[in-house]
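The values are calculated or read from the model by the stated rules, or taken from the named source; none is laboratory data. On a predicted model such as this, the values are computed, not experimentally measured, just so you know. Here the Cβ positions follow ideal geometry from the backbone for every residue, glycine too, while neighbour counts run over all protein chains shown. Protein only, heavy atoms only, side chains kept; ligands, DNA and RNA dropped before computing areas. Shrake-Rupley method; radii C 1.70, N 1.55, O 1.52, S 1.80 Å.
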Amino acid sequence: MSDLTSTFPPAALERLRRRNLLRNLLEQEIVAEAVRDIAIPEEEQDQAIAKFSGKADPEAMASQMACTHGWSRDDLTWQALLPLRIERFCQQQYASKAEARFLQRKIQLDQVVYSLLRVQDGALARELYFQIASGEASFGALAAQYSEGPERASSGVIGPKPLTSAHPQLAERLRTAKDGELLDPFPLASWWVVARLDRYIHATFDEGTAKQMAFELFSEWVKEEATLRIAHLLQPTGASLVSGLPNG
């Protein structure tokens, strides 16, 4: 465990707190401690350094980073390999918990594409609804002409966006609708709303999602650990509150 009390004098810790840098530093220390023993094959190291350097020669990049960030060549290598080390660590520690995390988060990961039209006049909302339902006019044309919200600029089309980004009342209606279903007008805050679910995009548990869930679990652990260490730093007794590495 990195002990900041021995690395920084009290005055430096006070400045870190006051500048709102202490938590960020602790989180980076925790990440570094967790992944430092993750081995990366030499070929992958070269690829990661080349990717990190972009089109620049790695040596030229090292020289530039030395000037702008004060980095050594080893610092550049560390930064280039850090994403790989984090990914491998997450796989080792959290892969077995990723699917359970996904099932807990699925409704937040589902996305929707929907059409929205909102006006303040309920009678107008009903009239526009009937025009769309009968095929007399398209949703997009009426939204572009009548809608009083920012969706007017996109002819009423919103998304793909997480289902949970919509107003809770609208999200609940969209969640139970079928693709292409036009919803009856309903009041929402100070508006009358006409909406249509264009497409419901169900989140699936694939390789990319598994990595995302594992990383989320890792990030949560880092934040929790940082909170414990801040409490430890502020304790006059110096009693240890650090939990150590996560259990996989």
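Structural remarks
- Simple Cβ-charge dipole of the chain, Lys/Arg +1 and Asp/Glu -1, about Cα centre, in debye nearest 20: 680 debye
- Centre separation in Å (Cα based) which lies between the range 112-179 and the range 190-225: 23 Å
- Rg and Dmax of the range 154-213, Cα atoms only, in Å: 13.7, 43
- Each of P83, A125, A166 was placed along the dipole of the chain (beta-carbon charges, centred on the mean Cα), and the one lying farthest toward the positive end is A125.
- Calculated FRET efficiency for the pair L21/E44, C-beta based, R₀ 30 Å, to 0.05: 0.40
- Net length available on complete extension from S134 to C67 is 17.4 nm, with 0.36 nm assigned per residue and the Cα-Cα distance removed.
- Restraint check, K178/K223; K161/K211; K106/K223; K161/K223; K106/K178; K97/K161, Cα-Cα greater than 29 Å: K178/K223
- Between the entries (i) 66, 36, 31; (ii) 85, 34, 32; (iii) 72, 49, 38, the label attached to Cα extents along the principal axes in Å calculated for this structure is (iii).
- Accessible surface of L103, taken over heavy atoms with a 1.4 Å probe and every protein chain present, rounds to 120 Å².
- Solvent accessible area, Å² - S134, 1.4 Å probe, full protein context: 80 Å²
- Column: log10 I(q)/I(0), Debye, Cα scatterers of the range 1-145, q = 0.22 Å⁻¹: -1.26
- Charging the Cβ of each Asp and Glu at -1 and of each Lys and Arg at +1, and nothing else, the dipole of the range 56-193 about its Cα centre rounds to 480 debye.
- Kirkwood hydrodynamic radius of the range 181-220, Cα pairs, Å: 13.5 Å
- Computed over neighbours whose Cβ is under 13 Å from that of D37, the net charge equals +2, Lys and Arg +1, Asp and Glu -1.
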